[in-house]
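No value in this document is a laboratory result; all are computed from the given coordinates. Computed from a prediction, not measured in an experiment: that's the story for all the values here. Cβ sites come from the backbone with ideal geometry, for glycine too, and all protein chains shown count toward neighbours.
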Amino acid sequence: MDDFPRFTAGRDDREGQEIWSVGQLNRRVGELLQGAFSRVWVRGEISNFTQAASGHWYFSIKDERATVRAVMFRGRAQAVGFVPRAGEKFEFRATVTLYEPRGDYQLQVEAMRRAGRGDLHEAFLALKERLAAEGLFEPSRKRAPVSMPCAVGVITSLAAAALRDVLSALARRAPHVRVIIYPAPVQGMAAAGRLCEALGRAIDRKEVDTLLLVRGGGSLEDLWSFNDETLARMVAASPIPVISGVGHETDFTIADFVADVRAPTPTAAAELCCRSLSSCTDQLQALVRALTSRQSRFLEHAAMRLDRAVAMLVSPQERLRQQGDRLAALTQRLARAAGQPAQARAQRLQAIQARLAMAGPDMQIRRDRLARLRRDMAASAERLLERRRHRLAAELQTLRALDPHTVLDRGYAIVRQANGKIVKNALDLKVGDQLGVELGQGELQVRVLQAHGLL
């Protein structure tokens, strides 16, 4: 303590004690801490991680009983090789220092290595794995949001910056879409339950076409209400398509996995929930142009058909004149036909009968030919059948000659090994082998006593 100046003017004469300034006290405490803890290894879970523009890392290290602040300067942080995430556990090599302006002691981290994941992260992974096994993340069960909704629901806190971002994006892109807010806290112990109530209220009212579940970024603890299992199951079962926009692009929650669409940010969720007014107007104008063009083509084709019909049209006077001429011609033909003598018609009939008699077939000749053909056919069939009988007999004789059972009936036998393979050479056997012998009548089981091959 002799290194520090003493303020005799502030001496308490009754007790003889020195009076230090706050800065002196903090500096002295810092020196004591550094002297007592030159370098230590600390195991804990990262939370409240911040990467400053300078490249320094500021975060807290915690366990189930306590929390300590820590800093890792840019040069040390660049050597780590990765950016830690909140909720992960590490082992830190650090020196204990005191931040004098505030009197807070902190760890100045020199190196770090992974030591497993934090409890929250482990709970997150366990729930994610269980819900994935149930199929709640399958793309097949997810639905595409309505491209042109009449109303969009937003589930978030009224004080959240995410709400302002969503409302600004919708006002800019789709001012014609009605927005209904279902307020609920997005952080804290009761946030998950309140989010479930807001979602249930939106589903019961059936007044929106799409729901946005949004909040800004934060640590794993800040976003934990969106990892609630009840909320996840309600989102998965929602009859209204749900778009999640929780945190930043690198943040993932269980709600993101079960939602029908996952947006990287709340603003992106607002952009994905509906088409912009300008795109709708452009499409409408394109449709009007296409309809006008088709209508013009239709009218042109109709005019052409009308011109062709007019050209083919005959006036009633002309049609009556044509029919009168035809009637006169038919009358003349009828008069000529009625004036022919009956004798001429009789002669014509006789001539036709004579021609018919000459052209008629001789039925007796045809009957004789048919009978002859029947006899020839029967004889040919009998000869063919006899040839087939002789051929069948020859083939049956050949088949009997080749039948192995015929050979067996003459006293021969078929010898098979235990695996069914036929024995052809005695040298393939050894003493003691079990053999099956098939005879002409029945089978035997024998055992090899001796085996001799042919010389």
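Work out how much length Q450 to R416 would gain on full extension: take 0.36 nm times their residue separation and subtract the Cα-Cα distance, in nm to one decimal. Before the final figure, lay out the partial values.
Working: separation 34, 0.36 × 34 = 12.24 nm, distance 1.62 nm.
Contour length minus the Cα-Cα distance gives 10.6 nm.
Distance from a point 7 Å along Cα→Cβ of S279 to each backbone N in the range 202-245: keep the residues under 19 Å and list them by number.
Within reach of a label on S279: 209-213, 241-245.
Would you list which lysines come within 26 Å of K430, measuring only between C-alpha atoms, while excluding same-chain residues fewer than 8 positions from it?
K421
To the nearest 0.05, what FRET efficiency results for T50 and H301 with a Förster distance of 56 Å applied to their C-beta separation?
On the way: r = 71 Å, r/R0 = 1.27.
Step by step, r from the Cβ atoms, then E = 0.20.
How far is helix 22-36 tilted off the main Cα axis of the chain, in degrees rounded to 10, range 0 to 90?
For helix 22-36, the angle is close to 70 degrees.
Which distance in nm do the two modelled labels at R27 and A329 give, with both placed 7 Å along the Cα-to-Cβ direction?
Roughly 13.5 nm, to one decimal.
Using 7 Å Cα-to-Cβ label points, what is the E318/R141 separation (nm, one decimal)?
7.6
On a full-extension model of 0.36 nm per residue, what is the gain between Q434 and S38, subtracting their alpha-carbon distance, rounded to one decimal in nm? Display every interim value, and only then the final one.
Values: separation 396, 0.36 × 396 = 142.56 nm, distance 8.54 nm.
Here the segment from Q434 to S38 would lengthen by 134.0 nm.
For L98, what residues show an amide H to amide H distance below 5 Å, using hydrogens built from the backbone and excluding near sequence neighbours?
Q106
Between K62 and A290, what is the FRET efficiency for a Förster distance of 56 Å, r being their Cβ-Cβ separation, to the nearest 0.05?
Details: r = 63 Å, r/R0 = 1.13.
Once the sixth-power term is evaluated, E becomes 0.30.
Once amide H atoms are built 1.01 Å from N in the peptide plane, which residues 5 or more positions from L220, or in another chain, come under 5 Å H to H?
N48, A86
Taking the 0 to 90 degree range and rounding to the nearest ten, how far is the long axis of helix 191-205 tilted relative to the main principal axis of the chain, both from C-alpha atoms?
Rounded to the nearest ten degrees, it is 40.
By per-residue mean of other Cβ atoms within 10 Å, what is the highest-first order of 249-260, 57-68?
Working: 249-260: 20.8, 57-68: 15.2.
Highest-to-lowest ranking by the protection proxy: 249-260, 57-68.
Put a dot 7 Å past each Cα toward the Cβ at E229 and R372; how far apart are the dots in nm?
Placing both labels 7 Å along Cα→Cβ, they lie 10.2 nm apart.
Q350 to R387: extension gain in nm, 0.36 nm per residue of separation minus the Cα-Cα distance?
On the way: separation 37, 0.36 × 37 = 13.32 nm, distance 5.85 nm.
Result: 7.5 nm gained on full extension.
Between Y182 and residues 5 or more places away or on another chain, which pairs have amide H atoms under 5 Å apart, with H built 1.01 Å from N, and which residues are they?
Residues meeting the amide H criterion: V154, I155, T156.
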